């Protein structure tokens, strides 16, 4: 009888396939996160993350697409406790019997989104790798030199503390093998390999960003949300990538004032819109505190474009002046319904290489705006 | 985690000996058994891959991760896994108690009996463990030769259509002649840019051939083809040899798994029916009896709203035995699959006894809408038809006389998930190399989805 079966227990510790493929899936999720960045970065959970390092964000799951039935539109068989009757409500969306056990589990739609913990640090790295301050120039004064050390070469001579053990041993192995006595023995000075470094100096210039936001009554909650998301990411990007960058905040409706960062992101205002007031304020600040000789200046203005029509001409003129003093001027318009705005129709005529504008129609386009303002100028 | 010690291993072996003896007395007929005791991550790996030796792919890793997490959180537990092979491998979770293992050993013996005797398994490869192992090796070799990402991308596409095989037991593949005809066409398509001219010539040739054989081929394929995997492998004009090889290997794997998909309710019902009867014959201590009852109820008790295949299956088998005799259930396990099992043996009394119902979504609510027993039976049958997957056939592999692929969904009242349809068609195009079309129905109106030059179009007929 005993020959008809065998019981055994083996050492499975080297069987790592499940974990390896799990890692591959996680890599793919990361890729998917990258592809979903535009949707992701305007998610409330991030904007309201308040400095938390790890945040939970809904990420679109990696679907395995196939031909399948529409679960929501079809009938299913269920089982009650003996008392079920026609008309009983089993539940509301989502489906009461989501995938899991039960027959045909594989045919049922899973969740489209699942929560993923995201490291802000990592997210920022992915996001900001594509962004940079355009037209950055070295300014005469306050030029800052950053020196960095990079080990990038191997030499035969060097100081003992920089010895490259792996390469030294490899060299020894090679030499011994060629003399017909393979193995690691008799390390001679000839085998020694040293790491050596280069000093790199990165010039860094002072930069000033002027975050200008329309806080007038016409800016609805969507418009404000978008503008603030943009500035939220802009400030994080600048502070992460550039050590010496100053950001000042200007809020305006019919008049403009310089506000603190906290006020800028939290306070709501109302009233009409006169954008020129903000530009005047910006020029004033440049003249009194930030000389263009010492600073790379980047005014970025966000509005819904609903400006007092008679003010538009003044705005165009002031922008020309600002452009003279700054490296780039960015105008972002939050325009959900694709209406033709007075401000944009005036700005369309500005032909200046460092004037950039961008229209945001939906949440997902905040990243597009970031990219269009903070990217290298296109060649040609 | 608890690990079985030597003494416990001995006890387990003794118990297995006894269980095998009882099972044989019950006329269960199984292959020699190999029981492997494994830690949880190995059990879950096998569960996710369906086979210990299967090839690597991220989708298995995703499933593994999900299953393992549910186990770690205490949400679900697999106690065993059994492989349809000769000898039959069963994997037991290290840390199972002796009584858990007794139940499982009895359960897997019945599974093995089912694999060995049910007609739908008669063509399955009983050496699939090794076949899958060499498939995995070959795929690994292709990764080395053609790049991991290229191979992965290709497998992504194949997996998207893997269920579309023809598992019928007496399938006859298209004759060599029809293959040859297609090969002619295929060659011209690859090698020249002058299909139109060549087509003319081919057409005249073909007409000649038709006249000779007196079998006019009107369309290609001449009958709608269910085996999309096979058809693409044979006729796609763009695939390289390694790609055709992967397609054919993954098709074999699907054909191996197909009978298990088709007999889920029966197979689980059969195994549950027998583990109860076998353990009744054993001398259990009173403690073991209590634990067995608990465990058994967690396996076969109805769960709210979802239909438990173990429970439905065992109930139907017990009912058949009551209405006929034990010989009858052996006969049923030999010839039926889930669809015929339900159609033939789910009765009005059982439907009422099990309190089955039909539910659907109305507005935002999921509601019980029907308790008519025939409707319930028919609904269950239709949900198990073709393994629960939409029935698709290739209508034309030379659509618009341009080598495009035209697939038809044999609509029987169940609508497709449109988003998934639109996302899957690009995979088909990737495999076929030309525009692909799929005809189905939305709200009883015929509609064709076309994926052309990277764009999805939807057109009502």
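Restricting the calculation to Cα atoms, every distinct pair contributes to the Kirkwood radius of chain B, found to be 25.0 Å.
Here the relative contact order of chain B, from alpha carbon pairs under 8 Å that lie six or more residues apart, stands at 15 percent. For region B:302-388, the C-alpha radius of gyration divided by 2.2 N^0.38 Å, with N the number of residues, is 1.15. Across all C-alpha atoms in region A:269-368, the radius of gyration and Dmax reach 13.7, 41 Å. Helix B:309-323 and the longest principal axis of the Cα set of chain B meet at an angle near 70°. Once the convex hull of all Cα atoms in region B:1-151 is built, its volume per residue stands at 131 Å³.
Of the three principal axes defined by the Cα atoms of region A:147-203, the extents in descending order read 53, 15, 13 Å. Strictly greater than 13 Å: what percent of every Cα pair in region B:32-95 meets that? So the pairs more than 13 Å apart make up 61 percent of the total in region B:32-95. FRET efficiency for the pair residue B:10 and residue B:149, taken as 1/(1 + (r/R0)^6) with r the Cβ-Cβ distance and R0 = 35 Å, rounds to 0.10. Remark: C-alpha extents of region A:205-373 on the principal axes read 40, 31, 28 Å, sorted largest to smallest. A compact globular protein would have a Cα radius of gyration near 2.2 N^0.38 Å; the ratio found for region B:249-361 is 1.21. Looking at region A:205-373 alone, DSSP beta bridges between its own residues are antiparallel in about 15 percent of cases. What is the log10 of I(q)/I(0) for region B:390-460, computed with the Debye formula using one identical point scatterer on each Cα and no solvent, at q = 0.18 Å⁻¹? Log10 I(q)/I(0), no solvent term: -0.63. Rounded to whole Å, the principal axis extents of the Cα atoms in the protein assembly as shown read 101, 82, 71, largest first.
All of the numbers you see were taken from the coordinates with simple rules; none came from a lab. Computed from a predicted model, the values in this text were never measured in an experiment. Virtual Cβ from ideal backbone geometry, glycine too; neighbours counted across all protein chains shown.
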